[in-house]
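The values are calculated or read from the model by the stated rules, or taken from the named source; none is laboratory data. Keep in mind the model is a prediction, meaning the values are calculated, not measured. We place every Cβ from the backbone using ideal geometry, glycine too, and count neighbours over all the protein chains shown. Heavy atoms of the whole protein, side chains included, go into the accessibility calculation; ligands, DNA and RNA do not. Shrake-Rupley method; radii C 1.70, N 1.55, O 1.52, S 1.80 Å.
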Amino acid sequence: MPNRSAGVIRQDWEPVVMHKTKPKSQDLRDPKAVNQALRSGAPVQTIRKFDAGSNKKATAPAVSSRRLEEETEPAALGRVSAGVRQGIQKARLEKKMSQTELAKLINEPPKVVQEYENGKAVPNQAVLAKMERVLGVKLRGKIGK
């Protein structure tokens, strides 16, 4: 038998609180966890990112309000010119790259490269600069006008 000290024995009446660990954010995004929360009636928050993965961030060139008032039609956004579209396609095909591979190299979604090659994109100088660097061709300047 163990020896007990002759001192005063006390009882600790302080409450002990145990906490569960917080779920990780990856676990909260898991489709199974979301479906289970929906079934149990727990509140689920969904957030849609504004303009995520699109080329709609470029702003139109500043147009004076007087000129807008004089015009009857709304001002249209500038689109990628035919010379730039063909330059991107030609350089990409010469390097034997797919649109997806080019998009990965410039850290943009493949949809952006498709929009530029189809002429539907609003020109963004940062994206064009990335394409110039990867493809090794000039896309801005005289070709773009």
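General observations
- The range 76-145 - percent of accessible surface contributed by carbon and sulfur, probe 1.4 Å: 51
- Extension gain, GLN125-GLN86: 0.36 nm per intervening residue step, less the Cα-Cα distance, totals 12.3 nm.
- For SER65 and LEU105, a Förster radius of 30 Å and the Cβ-Cβ distance give a FRET efficiency of 0.15, rounded to the nearest 0.05.
- Pair VAL44, LEU77: separation of 7 Å Cα→Cβ label points (nm): 3.2
- Accessible-area value, LYS111, 1.4 Å probe, nucleic acids and ligands omitted, Å²: 100
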